[in-house]
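K.L.:
Before I ask anything, let me first share the structure, which is written out below as structure tokens.
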Amino acid sequence: MSQDRDAAIVGIHEYPSRDVEGEVSPLQIKAESASRALKDAGLNWSDVDAIYDAGEAGGMAGLTMAEYFGLSPNVIDTTNVGGSSYEFHAAHARRDIRAGKAKVALLTYGSTAHSNARAIGVGGRGGASMHPAENMDAYAGMTLIANYAMVAHRHMHQYGTTSEQLAEISVATRMHAMRNPEAVRAMEDLEFLDIRETTISDVVNSRMIADPLHLLECCMISDGGGAVVIASPEVARDCRKAPVWILGSGEATKYPMSGGDITTSAAAQSGPQAFLEAGVTPGEMDIAMIYDSFSITVLALLEDLGFCPKGEGGRWVEGGRLRFDRPNDGPALNTDGGGLSSNHPGMRGIFLLLEATRQLRGESTSQVADAKLAVAHGNGGMLGSRHAAGTIILGRD
Amino acid sequence: MNEPKRPLPRADEFDTQAFWAGTKEKEFRYQQCTQCETVVFYARRHCTGCLDGELEWKVASGRATVYTYSVVRQSYHPFFRNQVPYAVAWVDLEEGPRILSNIVGVADPLTDVSIGMPLQIEWEEHDDLCIPLFKPA
């Protein structure tokens, strides 16, 4: 199968702090991450001719970010699909580079959700807005965690999935986090009570937040950010690090429908597009960077992406299959420690691209030997109601 | 001191105003296309199934089932923090619409709610509208 190698990730940076104590702004996190990612690539500000921004740092990003960075880009893309924005941005950057509209694309993310004490998971979601869908939903007091919990409940009902099976995802992710010094520091800075590898029993005995999801099945709320530089093959050849090619992409959304199946996400639409375009199969993936807002998110997305049939995810993940040191059992999951145990500043999609790139460069703290192919899948919005899915397939030379 | 109140919808939102107006009469209104028979919910002005269809308002029976649910144990919302534990559910009306609501009228939501459970609508009265909640049938 021939693969088009027409855009590559050439520079990355993950902002190290998860608790800036209110002393750094999201914009500053974006700019510092951008400069470090450009340095990582061996490029400079003046090389950037395309910017992609979800607008999370405020302002009207399409008007204000180029000025803030001091750039004059020819392509300005402000797609915002929540946490999956960065997979969409990577797909669009590749498309724009292929079309000859750009040579060097810059994606940035910055958030101080922790410093701002935003109770993302159990916060308001009250006050009706003027969007008709929200005008129907707001009165019920559904927390974000309850939204995902309703997917988990239905998954258990339909397929017999258990809390112990869901806990496998938390356990594998925490194991990877304990090997990542930045993740360990994050858990220390965010004052996790018990920073160690966990067991299935730890997870299922942790406090119930919204049935059937326990505390250790929920992501953290941190500060953080990062940047990704994507370049044309001509530029990539002269960069400092080996290129990590974007081989395929897929995009989709899903929303509540009469008679719809809540256990199947938009990934069932975006995943096949991406794998088809890349000419590879889920079974060939060495790395699966899957948006782990909650345990159930990963389980549903692994099924939808085609790692196992729908409904069999619970049995498929059993026995520590997702650990980085089990390469013969399929892909390693979220080897940076994920949103569950490394960082989640609200929109985690960029970190999926960052760790997938580290793995394909051989730079991960839980390195899978000779990793060649990775999938990064972002889920934006809320899995149990309306959400967006962005799938990116990455490969090295 | 005013007690924190349940967040209420805006009665003047363009698409859903007719639905909320119906709740004053304790009617659960939904739309169906006279041409292609698509059930449209939440309310809109256009048919999502065909281009020329007229949407007709219908009134649901109020009979429903639990599609899925969660019991919220922790909320920071000023009203809902005092309601925990409470059941949030996606509820399937017999006629097709699926709505996010609460299951009420159970002694203990932790043990008395289940997926597939038959429900009946239970209107919670407010000044300008009623809120459709559901109780065991």
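K.L.:
Starting from the 7 Å offset along Cα-to-Cβ, what nm value, one decimal, do you get for the label separation of A:E67 and B:K58?
P.N.:
Placing both labels 7 Å along Cα→Cβ, they lie 5.3 nm apart.
K.L.:
Helix-only mean residue ellipticity at 222 nm, chain B, DSSP H runs n ≥ 4 weighted -39,500 (n - 2.57), per residue, nearest 500. What is it?
P.N.:
The helix-only estimate for chain B comes to -2000 deg cm²/dmol at 222 nm.
K.L.:
Could you work out the helix-only [θ] at 222 nm for chain A, with each DSSP H run of four or more residues adding -39,500 (n - 2.57) and the total divided by the number of residues, to the nearest 500 deg cm²/dmol?
P.N.:
Calculated from helices alone, the mean residue ellipticity at 222 nm is -10500 deg cm²/dmol.
K.L.:
How far apart, in nm, are the 7 Å Cα→Cβ label points at A:N116 and A:N205?
P.N.:
Going from the A:N116 label point to the A:N205 one covers 3.8 nm.
K.L.:
Now for a separate question. Springs between alpha-carbon atoms under 10 Å, Gaussian network over chain A: tell me which of A:R185, A:R94, A:R18 tops the mean-square fluctuations.
P.N.:
Highest fluctuation among the options: A:R185.
K.L.:
Would you kindly calculate the mean projected area, averaged across all directions, of the convex hull enclosing the Cα atoms of the range B:17-136, in square nanometres?
P.N.:
For the range B:17-136, the mean projected area of the Cα convex hull comes to 8.1 nm².
K.L.:
Also, I was wondering about something else. Which of the chymotrypsin sites (Phe, Trp or Tyr not before Pro) found in the range B:68-137 are in a DSSP loop and have at most 14 neighbouring Cβ atoms, other than their own, within 10 Å?
P.N.:
B:Y76
K.L.:
Looking only at other chains, what is the average number of their beta-carbon atoms within 10 angstrom of each beta-carbon in A:180-188?
P.N.:
Across A:180-188, the average partner-chain Cβ count within 10 Å equals 0.
K.L.:
Stretch B:A21-B:A137 to full length: gain in nm at 0.36 nm per residue minus the Cα-Cα span?
P.N.:
39.3 nm
K.L.:
May I pose another question? Just list whichever of A:K254/A:K310; A:K254/B:K24; B:K24/B:K135; A:K254/B:K135 have alpha carbons separated by over 23 Å in the model shown.
P.N.:
Long pairs (Cα-Cα over 23 Å): A:K254/B:K24; A:K254/B:K135.
K.L.:
Other chains' Cβ within 10 Å of A:201-211 residues: what's the mean?
P.N.:
Shielding by partners across A:201-211 averages 3.
K.L.:
Let me ask something else. Okay, which of the range A:85-103 sit inside 19 Å, backbone N to the point 7 Å along the Cα-Cβ direction of A:E234?
P.N.:
A:93-103
K.L.:
Here's a follow-up. Obtain the nm distance between the two label points defined at B:T34 and A:N74 by a simple spin-label model: each point lies 7 Å from its Cα along the Cα-to-C-beta direction.
P.N.:
Between B:T34 and A:N74, the label points sit 5.4 nm apart.
K.L.:
Rg and Dmax of the range A:8-162, using alpha carbons, in Å: what are they?
P.N.:
For the range A:8-162, the Cα-based Rg and Dmax read 19.0, 55 Å.
K.L.:
With a ≥ b ≥ c the root eigenvalues of the C-alpha gyration tensor of the range A:67-117, is it rounded (a/c under 1.5), prolate (a/b larger than b/c) or oblate?
P.N.:
Taking the square roots of the gyration eigenvalues as a ≥ b ≥ c, the range A:67-117 is oblate.
K.L.:
Sticking with this one: Within a 10 angstrom radius of each residue's Cβ in B:56-69, how many Cβ atoms of other chains show up on average? Whole number is fine.
P.N.:
2
K.L.:
Quick one: among A:P282, A:P132, A:P26, which has the greatest mean-square fluctuation in a GNM of chain A with alpha-carbon springs under 10 angstrom?
P.N.:
A:P132
K.L.:
May I ask for the net charge around A:N205, where only other residues with Cβ less than 14 Å from the Cβ of A:N205 are counted and Lys, Arg are +1 while Asp, Glu are -1?
P.N.:
-3
K.L.:
Sticking with this one: Loop-only GluC sites (Glu not before Pro) in the range A:164-266, please: DSSP not H, G, I, E or B, and at most 10 other Cβ atoms within 10 Å.
P.N.:
A:E191
K.L.:
Next up: Which residue, A:S201, A:S222, A:S270, has the most motion in a Gaussian network model of chain A that connects Cα atoms within less than 10 Å?
P.N.:
A:S201
K.L.:
Between the range A:10-35 and the range A:141-217, what is the separation of their alpha carbon centroids in Å?
P.N.:
With the range A:10-35 and the range A:141-217 each reduced to a Cα centre, they are spaced 26 Å.
K.L.:
Extent of the range B:1-63 along each principal axis, from alpha carbon coordinates, in Å, largest to smallest?
P.N.:
53, 25, 15
K.L.:
Take the Cα atoms of the range A:100-203, build their convex hull, and give its volume per residue in Å³.
P.N.:
240
K.L.:
May I ask for the percentage of alpha-carbon pairs in the protein assembly as shown that lie more than 42 Å from each other?
P.N.:
Across the protein assembly as shown, Cα pairs with separations above 42 Å total 20 percent.
K.L.:
Please report the Cα spread of the range A:312-388 along all three principal axes, rounded to whole Å, starting with the longest.
P.N.:
Computed over the range A:312-388, the largest-to-smallest principal extents equal 37, 30, 21 Å.
K.L.:
Based on the alpha carbons, how large is the Rg to Rh ratio for the range A:139-192 when Rh follows Kirkwood?
P.N.:
Here Rg/Rh amounts to 1.13.
K.L.:
Further, regarding this structure: Within the range B:52-78, which residues have the backbone N less than 15 Å from the label spot 7 Å out from A:L215 along Cα→beta-carbon, could you tell me?
P.N.:
Under 15 Å, as judged by backbone N against the label point of A:L215, lie B:73-75 of the range B:52-78.
K.L.:
Further question on the same structure: Can you work out the FRET efficiency for the pair B:D127 and B:R44, with r the C-beta to C-beta distance and R0 = 30 Å, to the nearest 0.05?
P.N.:
So the FRET efficiency works out to roughly 0.70.
K.L.:
Provide the net charge surrounding A:N334, with neighbours chosen by a C-beta distance below 9 Å and charges set as Lys +1, Arg +1, Asp -1, Glu -1.
P.N.:
-3
K.L.:
Which three lengths, in whole Å and largest first, does the range A:253-397 cover when its Cα atoms are put on their principal axes?
P.N.:
So the three principal-axis extents are 46, 32, 31 Å.
K.L.:
Within the set of other residues whose C-beta is less than 11 Å from the C-beta of A:A274, count the net charge using Lys and Arg as +1 and Asp and Glu as -1.
P.N.:
-3
Read-outs: derived from the displayed coordinates by stated rules, not from any lab. Just so we're clear, the structure is a prediction, and the values are computed from it rather than from any experiment. Quick reminder, even Gly has a Cβ in these numbers, built from the backbone with ideal geometry, and neighbours come from all protein chains shown.
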